[in-house]
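These notes are about the structure you will find just below.
The values are calculated or read from the model by the stated rules, or taken from the named source; none is laboratory data. On a predicted model such as this, the values are computed, not experimentally measured, just so you know. Note that we place each Cβ from the backbone using ideal geometry, even for glycine, and neighbour counts take in every protein chain shown.
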Amino acid sequence: MSVSIEEAARFQQEKAREQSEKCAALHARASADFARMVTFIRKQYPHVGIFQWGSILQPDSFDELSDVDIALTEVTSPREYFEIQGTLMKMTDFPLDCIELDKISPENREMLLRKGKWIHEPK
């Protein structure tokens with residue numbers, strides 16, 4: 001059985017299209033989860049800043065290995081941080097990377113600030 005180059009190319013194109021559609025659906029689901037997280041934080045913890053970063057900002061790169069990245073600022077205590085994080089974890093099926101932007105190294109903070117965006121900047 002031989003396969004023509006055209007058939008192989010069509011097969012590869014179809015696989016790429018299917019993968020692209022799958023990743024787009026994952027990205028849409030993660031984005032919806034993130035929006036619910038933002039609504040929760042803004043309502044329950046209006047003083048907390050919310051910063052978005054990571055693969056969710058690059059829809060073409062989002063895939064089945066991606067997670068939801070969120071950085072918080074102005075969290076008042078470890079208890080508050082873990083209350084927020086615990087609730088956020090229940091709001092998504094994706095792995096969650098929730099960090100306190102105030103508590104990471106200045107180098108990492110600057111890198112995230114360059115690559116991400118503020119959703120709710122603290123006053």
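Before moving on, here are some points about what is shown:
- For Lys43, the criteria (1) surrounded by 14 or more Cβ atoms within 10 Å (Cβ to Cβ); (2) free of Cβ contacts under 8 Å to residues at least 12 places away in the same chain; (3) not aliphatic (A, V, I, L, M) hold in every case but one, which is (1).
- Selection within the range 30-61 - under 20 Å from Ile84 (Cα atoms), in a helix (DSSP H, G or I) and of a type outside the set (A, V, I, L, M): Ser31, Asp33, Phe34, Arg36, Thr39, Phe40, Arg42, Lys43, Gln44
- Across the range 67-123, the qualifying residues are those that are surrounded by 11 or more Cβ atoms within 10 Å (Cβ to Cβ) and of a type in the set (S, T, N, Q), and the one among them that is nearest to the chain's Cα centre (by Cα) is Thr92.
- Tally, over the range 1-27, of residues that are free of Cβ contacts under 8 Å to residues at least 40 places away in the same chain and under 21 Å from Cys98 (Cβ atoms): 1
- If you go through the range 81-92 and pick out every residue that is in contact (Cβ under 8 Å) with a residue 12 or more places away in the chain and either small (Gly, Ala, Ser) or in contact with a Leu (Cβ under 9 Å, 6 or more places away or on another chain) (or both), you end up with 4.
- In the range 93-120, the residues that are of a type in the set (Asp, Glu) reach residues that are assigned to a loop (DSSP other than H, G, I, E, B) and surrounded by 11 or more Cβ atoms within 10 Å (Cβ to Cβ) with C-beta atoms within less than 9 angstrom, at least six apart or across chains, in these pairs: Asp97/Trp53; Asp97/Gly54; Asp97/Asp67; Glu100/Val75; Asp102/Glu74; Asp102/Val75.
- Every listed requirement among (1) of a type outside the set (Ser, Thr, Tyr); (2) closer than 17 Å to Pro122 by Cβ; (3) in contact with a Ser or Thr (Cβ under 7 Å, 6 or more places away or on another chain) is met by Lys43 save one, (3).
- Residue ID - nearest to Lys90 (Cα to Cα), chosen from residues in the range 2-40 that are surrounded by 13 or more Cβ atoms within 10 Å (Cβ to Cβ) and among the hydrophobic types (A, V, I, L, M, F, W, C): Met37
- Residue check for Leu72: farther than 19 Å from Pro122 by Cβ and modelled with pLDDT of 95 or more: no
- Looking only at the range 66-123, and only at residues there that are part of a helix (DSSP H, G or I) and of a type in the set (Ser, Thr, Tyr), the one that is nearest to Phe40 (Cα to Cα): Thr87
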